[in-house]
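Working notes, beginning with the structure itself.
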Amino acid sequence: MLRLIAVAPQGLEREASRELRSLGGGIGKTQYRNGRIHFEGPPDAIYRCNLHLRSAERILVELGHGPARTADSLRQLIADLPWDLWVPRGKRVRVFTSTRGCRLYHTGAIEDVVLSALSLRGLGGPTAEGREEAEAGEEPAPITVDLRGTRDEWSIALDTSGRELHRRGYRIQGGKAPIRETIAAALLRLAGWSGERDLLDPMCGSGTFLAEAAWIAQQRASGLARSFAFEHLSNFDASRWAELRAKALGIVDEEAGGVVISGSDQSKPAVRAAQSNIKRAGLESRVAVTRSPLEDVATADASSGLVVLNPPYDRRLRSSSSKSDDALETWRRWGQVIRERRSGWDVLVLAPDPARVEAFGGSARRLARFSHGGLRVGAWLIHTL
């Protein structure tokens with residue numbers, strides 16, 4: 001069994017852990033803290049987690065851990081690990097380092113220690129070259145060592161994902177302060193969305209909630225349209241990966257169970273971005289996006305469904321103070337519109353404070369609190385009567 005780590009948005013680790021355990025297939029108990037979920041699993045858990053997890057940002061495999069207070073002891077700790085099982089010769093390697101309370105704290109020097117240890121095994125590439133490429137924003141080295149030190153205890157892991165897992169491949173057009181795909185997916189799951197009822201996003205922005213909701217309804221694996229760092233590792237099992245991808249493709253329901261998923265926004269650029277992203281996600285026949293304000297939301301035929309409401313707020317879009325009378329009155333008006341025209345529907349609301357949620361009205365239950373755009377944001381589920 002491998003020791004694995006799923007990196008998740010802080011505040012949403014519990015939901016990411018639930019999703020992780022739902023994959024089954026030998027994945028064991030999870031423990032999480034500060035955005036990192038530790039678990040064990042068989043070798044193909046690397047493939048399945050990267051392919052299917054909607055709410056995680058990265059999947060790491062921990063190669064070892066131990067104490068080190070000097071550069072020589074850290075070099076020895078790293079050199080003793082089974083690199084040949086994972087890193088092929090000739091592949092460039094870069095190092096990501098973070099430290100807290102360690103005697104070794106200069107990240108550049110620590111990176112040099114790691115790469116020198118690998119070079120003694122005939123692995124890795126020039127130290128400076130890898131750093132310069134990362135700084136220039138070019139395509140990073142295919143293999144990344146994740147090194148974390150806490151009070152002179154070090155964890156050495158390999159990143160099996162490459163680009164962050166929220167980069168699904170469909171969102172190239174972004175609106176103002178778009179929410180990450182991983183956060184959107186986690187919040188939809190927390191709200192009980194499984195694709196069995198209709199969904200409306202009347203402030204859809206670049207369409208992230210719409211795309212994630214539709215992919216959940218279609219049972220489409222979130223990693224089907226991208227590549228991963230594990231494909232460059234020495235022990236990559238191409239046949240097992242092809243088998244897992246084929247199985248994931250085979251269960252996709254292109255019709256999304258027939259549910260109606262729609263969105264709107266009063267911003268013309270946002271609507272264009274959402275339509276472009278929805279098309280790139282292969283959802284143009286399943287998700288409709290129109291230009292209109294929330295006040296023009298139509299009365300629904302369905303007696304139940306989910307409304308997603310992620311309005312602009314505070315520093316994120318330089319809007320008014322969260323507790324100003326004007327802002328709260330706007331939220332009261334929105335709540336009235338939704339209750340009148342979507343009676344019986346649940347509302348997933350994102351807001352920086354409970355005052356707006358209270359103004360919206362209805363019976364609210366907070367689902368999570370997380371960081372978005374440099375601001376702490378809460379997610380509430382409101383039931384309309």
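The values are calculated or read from the model by the stated rules, or taken from the named source; none is laboratory data. All values reported here derive from a predicted model rather than from experimental measurement. We place every Cβ from the backbone using ideal geometry, glycine too, and count neighbours over all the protein chains shown.
Tabulated values for the structure
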| item | result |
| --- | --- |
| Top-ranked residue in segment 22-40 [being at pLDDT 95 or above and among the charged types (D, E, K, R); ranked as surrounded by the fewest Cβ atoms within 10 Å (Cβ to Cβ)] | E40 |
| Segment 341-385: number of residues that are surrounded by fewer than 20 Cβ atoms within 10 Å (Cβ to Cβ), free of Cβ contacts under 8 Å to residues at least 40 places away in the same chain and not in a loop (DSSP other than H, G, I, E, B) | 11 |
| Any hit, segment 227-244, residues being at positive phi and surrounded by fewer than 24 Cβ atoms within 10 Å (Cβ to Cβ) | no |
| Condition met for G250 (in the same structural domain as E212 (by TED's automatic domain parsing) and under 29 Å from S363 (Cβ atoms)) | no |
| Count - residues of segment 192-222 that are buried (at least 24 other Cβ atoms within 10 Å of the Cβ) and among the small types (G, A, S) | 7 |
| Complete set of residues in segment 279-295 that are among the hydroxyl-bearing types (S, T, Y) and either crowded, with 19+ Cβ neighbours inside 10 Å or at pLDDT 95 or above (or both) | T290, S292 |
| Matching residues in segment 93-126 - criterion: being assigned to a loop (DSSP other than H, G, I, E, B) and farther than 22 Å from R69 by Cα | R121, G122, L123, G124, G125, P126 |
| Residue match in segment 289-312 (condition: out of contact with any His (no Cβ under 9 Å at 6 or more places or on another chain) and over 24 Å from E340 (Cβ atoms)) | no |
